[in-house]
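For reference, the structure discussed in these notes is given below.
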Amino acid sequence: MKKMLFSAALAMLITGCAQQTFTVGNKPTAVTPKETITHHFFVSGIGQKKTVDAAKICGGAENVVKTETQQTFVNGLLGFITLGI
């Protein structure tokens with residue numbers, strides 16, 4: 001039982017959040033997001049792909065300042081609990 005609790009505590013400690021930010025050109029980045037989209041992938045995303053057309057959302061490629069991807073703690077925790085299913 002102690003090994004199970006230790007393993008669960010260790011898994012919680014090494015789980016984290018991930019964020020990737022892509023800045024386009026030399027434009028100011030102090031803008032509010034135009035749209036926030038969440039994509040759900042199952043079985044760890046095997047064979048699944050989602051594409052977001054930022055130019056279409058922002059009204060042209062020249063209006064895209066930055067894109068950002070995140071994985072929150074809650075998403076990581078749910079992925080761990082369900083083993084990525």
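Values quoted throughout were computed directly from the atomic coordinates according to the rules given, and no laboratory measurement underlies them. On a predicted model such as this, the values are computed, not experimentally measured, just so you know. All Cβ positions, glycine included, derive from the backbone under ideal geometry; neighbour counts span all protein chains shown.
Table for the structure above
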item: In nm, spacing of pseudo-spin labels at Phe80 and Lys49 (7 Å Cα→C-beta vector); result: 3.1 nm
item: Sorted by Cβ neighbour density within 10 Å, fewest at the top, the residues Val52, Val64, Val74; result: Val74, Val52, Val64
